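K.L.:
This is the structure I want to talk about, given as structure tokens.
The values are calculated or read from the model by the stated rules, or taken from the named source; none is laboratory data. Just so we're clear, the structure is a prediction, and the values are computed from it rather than from any experiment. Ideal geometry is used to build each Cβ from the backbone, glycine not excepted, and the neighbour counts take in all protein chains shown. Quick note on the areas: whole protein, heavy atoms, side chains included, nothing else; ligands and nucleic acids left out. Shrake-Rupley method; radii C 1.70, N 1.55, O 1.52, S 1.80 Å.
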Amino acid sequence: MKLKKILMTGLACFGLATVDSLAALSTDDYVEAAWMTTRFYGAQRSGKGPNWLSFGTNYTTSFTKDNYQGKDVSGGWFDCGDHVMYGQSQGFSSYILALSYAEFTEGFYDLYTGDYSDYKAANDYTRKGGKPNKIRDLLEELRYEADFWVKAAISSSAFVTVKGDGNADHTKWVTPGKMSTLGSGEGGENRSITGNANDSYTPGMAAAMLAVMARVDPDESNRTKYLAAAKTAYSYSKSHSGVTNSAGFYESSWWDGRTTDGVFLAALELYRTTKDKTYESDAEKYFDKIAFAKGSDTRLNYASAVPLSVVMGQYVLDLSPGGSYRDALYLLDHIYANYEKNSNGIFMRETGGGGSFSVRTPSGGAFLYALYSKLSGDADYDDVIEKNVAYLLGDNSNKKSYVVGFTRNSAKAPTAPHHRGYYANENPDNDVNGYFNVPEKNKLLGGMIAGAFSDGNHSGDKSKWNVNEVCVDLNAPMVGALGYILSKKAPKTDVDLGIKEAEKPADTTKKDTIVSAIHSELRLAPFTMSQSGLEMSVVNGMGESFKVQVFDMQGNKVQEIVSNGSSVSFTLKAKGVLHMMVSSKSFKQAYTVKAL
């Protein structure tokens, strides 16, 4: 905790210790940013879509013929500003988004309809043009990707990790629909599909995402198919190793051996969803094999999920890498907090000019601290989280927003993203350096560019992928951090959004009469509970046997203790905010406790 205190002291010196001292972004600004960065995934849809970015073009679907071994594997998200589907970054992104949805649910709103028919009918692609449909927007975007992973998880010996060829794809600067009509040498159909790579990372991440979806999707049929596919993807992941190598676009060496995180997170999430102890044992085994030494000094990104694994391992399964890595908070402070002191509280490590993909550091750090805060019940980092997100939205000395279309508070948004669909060009003879009249609706793309913190202005050269590229993995931690901020500032329950009806107050008259009668007849004394750290003690004044059940914030039972006498002492096994139900044959009493 020492490093945490140092960080908070440093922030106080900059005048950042309270929310009031943060920048001029309002709650509505964060809502706007969350809406845009979430809807960006609808602009990345491959297959039948619908993809809102393609509305108004001549080719509104793309790559519908994708198949492997005769099986349809169309769909999913495009990787970045191109039309290849690289599962390496896609699996990472989809898991972070699903995890964010599960942990920060009430920070994700229902502002539009998932097929974008509302915007199309209104001819208004601003936030005002959307119409709620009683499904949270992020859930709809996640379902599109999850349905692709269901197709990709063909069997324990066949799993699709890449669709398309990067070299062929990059020859033409056209929309995905138009590119589909070109020959395979120019990135069109039929394109190559990789379904047998020696890859544990990609199917592991996909399995983790699907396992979360099998837990949180309100539709039972969806939960069933997602769980089945999660188990298939996990089976493939367990019987393979490493990560797919993709001809210079994604080199397996970039992972530097950090590939065990995929199968670990898959086992962990399958355990959370099914409570099958086999998955718990697997998770513990894989956790010990994670490359902590190679990930303890590297920011969160698609090729290093080590800090994410450490946070999840500690707060779900009470696992710790130990040694010099100590625990999750120590690791996060080492990667992020210790390198922000000269940058006004912004996480700046591994950032700077073009090519470093600067935005990954503040957004990844904000997301990881948000996740830590939720799972541990520690709100001390809320100001830090908000400060880093606000920086990326234009709260910086240059008023430079890194999200395409986000211009709140006079922020300067990028205008030349490296993204083929954005420009709606369908002429293969036009190259990247040509002039394009960008459709007005597309200017609200919502993708976060790679960025350059060392330059006060945006580059207007769309060919500069090293600063202007937008990718699914860049947006994912940002969406998660925004969800956390809104879950604290302006949470929306299912009742608030009309997803569920408010429960009618129960008639407690009869129950209260019965309880009073029991008290009168048995002279029942309430349970008493005391806590010292993780050590708990419960006493029953009636002297009769009772049991104690401990639940996490999602309602999962994590511990049960039975007493045959009037008292019991035990150690809490889970961390964070917990609910306890103590019950005997005559009485029940509930408590809320913090296990830090």
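K.L.:
Taking the range 235-363 as the region of interest, what is the percent of Cα-Cα pairs per 10 angstrom bin, listed from the shortest bin to the one with the maximum distance?
P.N.:
Per 10 Å bin, starting at 0, the Cα pair percentages come out as 12, 38, 33, 14, 2.
K.L.:
Report the equivalent ellipsoid semi-axes for the range 89-195 in whole Å, largest first, defined as the square roots of five times the eigenvalues of the gyration tensor built from alpha carbon atoms.
P.N.:
On the way: eigenvalues 181, 96, 24 Å².
Taking √(5λ) for each Cα gyration eigenvalue gives 30, 22, 11 Å.
K.L.:
Would you mind pulling out the separation of the Cα centroids of the range 77-139 and the range 438-465, in Å?
P.N.:
Each part reduced to its Cα centre gives a spacing of 20 Å.
K.L.:
Rounded to the nearest percent, how much of the accessible area of the chain (1.4 Å probe, protein heavy atoms only) is carbon and sulfur? Intermediate results must be reported in sequence, preceding the final value.
P.N.:
Numbers: 11000 of 22930 Å².
The computed percentage sits at 48.
K.L.:
Shifting gears a bit: Straight-line reach from Lys500: which lysines have a Cα under 18 Å away, not including same-chain ones fewer than 8 places off?
P.N.:
Excluding near neighbours in sequence, the set is Lys131, Lys134, Lys492.
K.L.:
Shifting gears a bit: Sequence gap at least 6, Cα distance under 8 Å: using those rules, report the relative contact order of the chain to the nearest whole percent.
P.N.:
Details: 1251 pairs, mean separation 91.6, N = 596.
Computed over the chain, the figure is 15 percent.
K.L.:
In the chain, once you exclude exposed trypsin sites (Lys or Arg not before Pro) (DSSP loop, at most 10 other Cβ within 10 angstrom), what's the longest stretch remaining?
P.N.:
Values: sites that count: Arg523, Lys585.
Answer - 1-522.
K.L.:
Ordered by residue, what ³J(HN,Hα) values in Hz, to whole numbers, does the range 224-235 give under the Karplus form 6.51 cos²θ - 1.76 cosθ + 1.60, where θ = phi - 60° and Gly and Pro are x?
P.N.:
With the stated coefficients, the range 224-235 comes to 5, 5, 5, 5, 4, 5, 4, 5, 5, 4, 5, 4 Hz.
K.L.:
Kirkwood Rh over alpha-carbon pairs of the range 353-471, then Stokes-Einstein at 37 °C and 0.692 mPa s: what D in µm² s⁻¹, rounded to an integer? Can you show the working numbers first?
P.N.:
Details: Rh = 15.3 Å.
Here the translational diffusion coefficient equals 214 µm²/s.
K.L.:
Further question: Karplus couplings for the range 274-291 from phi (6.51 cos²θ - 1.76 cosθ + 1.60, θ = phi - 60°), rounded to Hz, Gly and Pro as x?
P.N.:
9, 6, 6, 4, 4, 5, 4, 4, 4, 4, 4, 5, 6, 4, 5, 9, 5, 7
K.L.:
Here's another thing I want to ask about it. Starting from the amide H of Gly81, placed 1.01 Å from N in the peptide plane, find each other amide H under 5 Å away whose residue is 5 or more places distant or on another chain.
P.N.:
Hits under the 5 Å cutoff: Val470.
K.L.:
Return the long-range amide H neighbours of Ala595 (sequence gap of 5 or more, or a different chain), with a cut-off of under 5 Å between placed amide H atoms.
P.N.:
Here Gly576, Val577, Leu578 satisfy the definition.
K.L.:
Something else about it: Rounded to the nearest 500, what is the 222 nm mean residue ellipticity of the chain from helices alone, with -39500 (n - 2.57) per DSSP H run of 4+ residues and division by all residues? Mind showing how you got there, number by number?
P.N.:
Details: 19 runs with 222 residues, N = 596.
Computed ellipticity for the chain at 222 nm equals -11500 deg cm²/dmol.
K.L.:
I'd like the projected area of the range 276-352, averaged over all directions, using the convex hull of its alpha carbons. Report it in nm² with one decimal. Could you put the intermediate results ahead of the total?
P.N.:
On the way: hull surface 23.2 nm².
For the range 276-352, averaging the hull's shadow over all directions gives 5.8 nm².
K.L.:
Do me a favour and compute the ellipsoid semi-axes for the range 31-74 from its Cα gyration tensor, root of five times each eigenvalue, largest one first, whole Å. Working shown, then result.
P.N.:
Details: eigenvalues 132, 38, 4 Å².
They are 26, 14, 5 Å, listed largest first.
K.L.:
Sorted by accessible area with a 1.4 angstrom probe, largest first, how do Tyr109, Tyr372, Tyr59 fall?
P.N.:
Numbers: Tyr109 30, Tyr372 10, Tyr59 75 Å².
Greatest to least solvent exposure: Tyr59, Tyr109, Tyr372.
K.L.:
List, in the order given, every pair from Lys225/Lys573; Lys128/Lys464; Lys412/Lys462; Lys151/Lys462; Lys48/Lys441; Lys151/Lys443 whose Cα-Cα distance in the structure shown is over 22 Å. Please report the intermediate quantities before stating the final value.
P.N.:
On the way: Lys225/Lys573 32 Å; Lys128/Lys464 33 Å; Lys412/Lys462 16 Å; Lys151/Lys462 34 Å; Lys48/Lys441 20 Å; Lys151/Lys443 32 Å.
Result: Lys225/Lys573; Lys128/Lys464; Lys151/Lys462; Lys151/Lys443 exceed 22 Å.
K.L.:
With a 1.4 Å probe and every protein chain left in place, work out the accessible area per residue of the range 85-199 in Å², rounded to a whole number.
P.N.:
So the range 85-199 comes to 31 Å² accessible per residue, rounded to a whole number.
K.L.:
Which one, Met312, Val479, Tyr435, is farthest towards the positive end of the dipole of the chain when Lys and Arg carry +1 and Asp and Glu -1 on their Cβ?
P.N.:
Comparing the listed Cα positions along the dipole, Met312 ranks first.
K.L.:
First check a/c for the range 164-216, with a ≥ b ≥ c the square roots of the eigenvalues of its C-alpha gyration tensor; if it is under 1.5, answer rounded, and if not, answer prolate when a/b is larger than b/c or oblate otherwise.
P.N.:
The shape class here is prolate.
K.L.:
Which one of Gly188, Pro218, Phe347 is farthest out on the positive end of the charge dipole of the chain, using unit charges on Cβ (Lys, Arg +1; Asp, Glu -1) and the Cα centre as origin?
P.N.:
So the residue we want is Pro218.
K.L.:
Between Lys400 and residues 5 or more places away or on another chain, which pairs have amide H atoms under 5 Å apart, with H built 1.01 Å from N, and which residues are they?
P.N.:
When sequence neighbours closer than 5 places are left aside, the close amide H contacts are Lys412.
K.L.:
Still on this structure, please answer the following. Summing Lys, Arg as +1 and Asp, Glu as -1, what charge do residues with Cβ under 10 Å from the Cβ of Asp82 carry, Asp82 excluded?
P.N.:
Values: positive: Arg420; negative: Asp79, Asp169, Glu469.
Once all neighbours under 10 Å are counted, the net charge is -2.
K.L.:
Not counting the cut sites, what is the longest span of the chain without GluC sites (Glu not before Pro) that DSSP labels loop and that have at most 15 other Cβ atoms within 10 Å? List each step's numbers first, then the result.
P.N.:
Details: sites that count: Glu251, Glu426, Glu501, Glu503.
Between exposed loop sites, the widest span is 1-250.
K.L.:
May I pose another question? Set Lys and Arg Cβ to +1 and Asp and Glu Cβ to -1, take the dipole of the range 119-265 about its Cα centre, and tell me which of Thr175, Ser237, Ala197 lies farthest positive.
P.N.:
Sorting the options by dipole projection puts first Thr175.
K.L.:
If you count only protein heavy atoms with a 1.4 Å probe, what accessible area per residue comes out for the range 207-354, rounded to a whole Å²?
P.N.:
Value for the range 207-354: 36 Å² per residue.
K.L.:
Could you go through the range 301-313 in sequence order and give the Karplus-derived ³J(HN,Hα) for each residue, using 6.51 cos²θ - 1.76 cosθ + 1.60 with θ = phi - 60°, rounded to whole Hz, and x for Gly and Pro?
P.N.:
7, 4, 9, 8, 9, 4, x, 5, 5, 5, 4, 5, x
K.L.:
What aspartates and glutamates could a cross-link reach from Lys294, if we take a straight Cα to Cα line under 18 Å and drop same-chain neighbours fewer than 8 places away?
P.N.:
Partners found: Glu251, Asp256, Asp261, Asp327, Asp333, Glu350.
K.L.:
Based on Cβ point charges of +1 for Lys and Arg and -1 for Asp and Glu, what charge dipole magnitude is obtained for the chain about its Cα centre, in debye rounded to the nearest 20? Working shown, then result.
P.N.:
Details: 63 positive and 67 negative charges, 125 e Å.
For this selection, approximately 600 debye.
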